[in-house]
Amino acid sequence: MLIMEAHGTSIEAARAGKEQARLRFARLPGVVGIGLTRCGPGYAIKINMSRPVAPGVIPVCLDGVPIITECVGTLSGAGS
């Protein structure tokens, strides 16, 4: 279970965490996007995937910033 501080993660911390997540996870098979999302009173890193990855490959938090993963399927350009 992930426990966050009562005030949540700041946008600045989430942005720094997003950059670290991009460096660590963007090239994993199945990762189609990395961004930020609201999480309670703060922010979290959001990793969109075309398919699930093995448990433990992506942690539940990075440098104290929560990570939320979601299988969104394969992404394509608008009008494709």
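Residues of the stretch 21-43 that are touching a Leu at 6+ places or on another chain (Cβ under 7 Å) and among the aliphatic types (A, V, I, L, M): Ala21, Val32. What are the pairs, 6+ residues apart or on separate chains, where a residue within the stretch 6-32 that is more than 15 Å from Cys61 (Cα to Cα) has its Cβ under 7 Å from a residue that is part of a helix (DSSP H, G or I)? Close Cβ pairs (under 7 Å, with a partner that is part of a helix (DSSP H, G or I)) amount to Val31/Phe25.
Checking the structure you have, find out if any residue of the stretch 12-27 is touching a Gly at 6+ places or on another chain (Cβ under 8 Å), modelled with pLDDT under 90, open to solvent by less than 50 Å² (accessible area, probe 1.4 Å) and not in a strand (DSSP E or B).
In the first step, residues of the stretch 12-27 are kept if they are touching a Gly at 6+ places or on another chain (Cβ under 8 Å); the result is 13-14, 17-18.
If we keep only those that are modelled with pLDDT under 90 too, we end up with none.
Checking the stretch 12-27: not a single residue is touching a Gly at 6+ places or on another chain (Cβ under 8 Å), modelled with pLDDT under 90, open to solvent by less than 50 Å² (accessible area, probe 1.4 Å) and not in a strand (DSSP E or B).
The values are calculated or read from the model by the stated rules, or taken from the named source; none is laboratory data. Bear in mind the structure is a predicted one, so any value in this text is a computation, not a measurement. So basically every Cβ, Gly included, is an ideal-geometry build from the backbone, and we count neighbours across all protein chains shown. Heavy atoms of the whole protein, side chains included, go into the accessibility calculation; ligands, DNA and RNA do not. Shrake-Rupley method; radii C 1.70, N 1.55, O 1.52, S 1.80 Å.
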